[in-house]
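What follows is a short report on a single structure.
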Amino acid sequence: MTMAAQAHAEVSKASFGKMPDGTAVDIYTLKSDAIEAKITTFGARIVSIKTADKAGKVDDVVLGYDTLDGYLADKKTYFGAVVGRYGNRIAHGKFTLDGKTYQVPKNNDDNSLHGGTVGFDQHVWTAKEIPAGVEMTLVSKDGDQGYPGTLTAHVRYTVHHNALRIDYSATTDKDTVVNLTNHSYFNLGGLGSGTILDEEIMLASDKYTPTDAGLIPTGELATVEGTPMDFRKSTVIGKRINDDFEQLKRAGGYDHNWVLRGATGETKTAAKVHDLKTGRVLTVTTTEPGVQFYTGNFLDGSFHSNGVTFSKRTGLCLETQHFPDSPNHPSFPTTELKPGEARHWTTTFTFTTEK
């Protein structure tokens, strides 16, 4: 076990088990004065984030498993994982790049989701300790899941007082597309506290990308004005989630991409979530152009950990990202990456309390 004190953070490493083929999986604990985050090399996942409520009670505020076996058995939820090579959906699993059409696996009805059948969430990443955190690296070879180019991805997790920061970077040796994000499910009430419907959320967005029946963007950037998609003011999540609104009915709740204000590459607030019972507040900032707000509509109670059942809407995701299906929408911010370019992007989860 290694220990490093840097920027008032401790980093330690332990075994998290072995893959079916014998590959060792590790788990890193990053501890500051205010939060403790556990990150595993399997899928570069956030396993837990522990932080205090307004009364000083510490709870885990993300959904996850205590053992590697839990993650190996669950191919549905993507709990805490870095999803890629293309997070979110690609219509019909097809896109054209440099005049060539690529077919990637359809693993979400007729569409591709989160990189395909064996996405980045299913790989063991290489890890190294860095000041106040851990850097995860994955090399995805040319043709992996049908994607062109050998992509090298680095994801750095670091803790700074009450914040967990994620720095992503990617390079390629051939023109490709890339859209990596973290797929943590948050419940600020703590594990086992019920649904997230009573939590309040603010999304710093005036527009969202409406979807068709397959949850693929139509290409329109629609105003949130006068719709249940308007979270410009902090609003209780459950207040309008069952409204008679076609977009909500298609997704079984919220599962949409909101267009963030400000330029891509510029750090901006994406969301703020407040749990009134515990007083916990999560603020999400990012350099990405969008955020997928997902209310755990497809959690069905078939997975559980330590007596906690992960039922419908017991966690919410805020996946900072480029827009879904961007390779098929030239008007969306581009997800193309070329040789010689290095793309960098950042997301920070900051935890505070309000009385």
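The values are calculated or read from the model by the stated rules, or taken from the named source; none is laboratory data. The structure displayed is predicted, hence computed values, not measured ones. Please note: Cβ atoms are built from the backbone with ideal geometry, for glycine as well, and neighbour counts cover all protein chains shown.
Table for the structure above
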{"item": "Any hit, the range 112-124, residues being of a type in the set (S, T, N, Q), in contact (Cβ under 8 Å) with a residue 40 or more places away in the chain, assigned to a strand (DSSP E or B) and surrounded by fewer than 24 Cβ atoms within 10 Å (Cβ to Cβ)", "result": "no"}
{"item": "Residue that is nearest to Cys317 (Cα to Cα), among those in the range 244-260 that are charged (D, E, K, R) and surrounded by fewer than 15 Cβ atoms within 10 Å (Cβ to Cβ)", "result": "Lys249"}
{"item": "Residue within the range 95-109 that is of a type in the set (Gly, Ala, Ser), free of Cβ contacts under 8 Å to residues at least 40 places away in the same chain and more than 23 Å from Thr309 (Cβ to Cβ) present", "result": "yes"}
{"item": "Any strands (runs of 3 or more DSSP E) falling wholly within the range 1-74 and containing at least 2 residues that are charged (D, E, K, R)", "result": "9-18, 24-31, 35-40, 45-52, 58-60"}
{"item": "Number of the condition not met by His154 [criteria: (1) part of a loop (DSSP other than H, G, I, E, B); (2) over 28 Å from Thr309 (Cα atoms)]", "result": "(1)"}
{"item": "Leading residue by the ranking (surrounded by the fewest Cβ atoms within 10 Å (Cβ to Cβ)) among those in the range 307-341 that are more than 19 Å from Val104 (Cα to Cα), modelled with pLDDT of 95 or more and of a type in the set (A, V, I, L, M, F, W, C)", "result": "Phe332"}
{"item": "Long-range neighbours under 8 Å by Cβ, at least six apart or interchain, first residue aromatic (Phe, Trp, Tyr) within the range 75-90, second modelled with pLDDT under 95 and surrounded by fewer than 24 Cβ atoms within 10 Å (Cβ to Cβ)", "result": "none"}
{"item": "The range 37-66 residues that are without any contact (Cβ under 8 Å) to a residue 60 or more places away in the chain, paired with ones that are of a type in the set (S, T, N, Q) (beta carbon under 6 Å, 6 or more apart)", "result": "Lys38/Thr29; Lys38/Ser48; Val47/Thr40"}
{"item": "Hits in the range 216-229 - residues which are of a type outside the set (Val, Ile, Thr), farther than 12 Å from Phe323 by Cα and touching an Asp or Glu at 6+ places or on another chain (Cβ under 9 Å)", "result": "Glu225, Pro228"}
{"item": "Residues (buried (at least 16 other Cβ atoms within 10 Å of the Cβ) and either in contact with a helix residue (DSSP H, G or I) (Cβ under 7 Å, 6 or more places away or on another chain) or hydrophobic (A, V, I, L, M, F, W, C) (or both)) located in the range 223-243", "result": "Val224, Pro228, Met229, Phe231, Ile237, Ile241"}
{"item": "Whichever residue in the range 126-148 is touching a residue at least 60 places away in the same chain (Cβ under 8 Å) and either in contact with a Pro (Cβ under 7 Å, 6 or more places away or on another chain) or not in a strand (DSSP E or B) (or both) and, among such residues, is surrounded by the most Cβ atoms within 10 Å (Cβ to Cβ)", "result": "Tyr147"}
{"item": "The range 104-152 - residue that is closer than 15 Å to Gly87 by Cα and of a type in the set (Asp, Glu) and, of those, farthest from the chain's Cα centre (by Cα)", "result": "Asp144"}
{"item": "Any hit, the range 337-350, residues being in a loop (DSSP other than H, G, I, E, B), among the polar types (S, T, N, Q) and closer than 28 Å to Val47 by Cβ", "result": "no"}
{"item": "Residue within the range 182-195 that is closer than 30 Å to Gly340 by Cβ and either in contact (Cβ under 8 Å) with a residue 12 or more places away in the chain or crowded, with 17+ Cβ neighbours inside 10 Å (or both) present", "result": "yes"}
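To keep it simple, each residue is scored yes or no on (1) β-branched (Val, Ile, Thr); (2) touching a helix residue (DSSP H, G or I) at 6+ places or on another chain (Cβ under 7 Å); (3) in contact (Cβ under 8 Å) with a residue 24 or more places away in the chain.
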| position | (1), (2), (3) |
| --- | --- |
| Leu299 | no, no, yes |
| Ser305 | no, yes, yes |
| Arg313 | no, no, yes |
| Gln321 | no, no, yes |
| His329 | no, no, yes |
| Thr335 | yes, yes, yes |
| Lys338 | no, no, yes |
| Ala342 | no, no, yes |
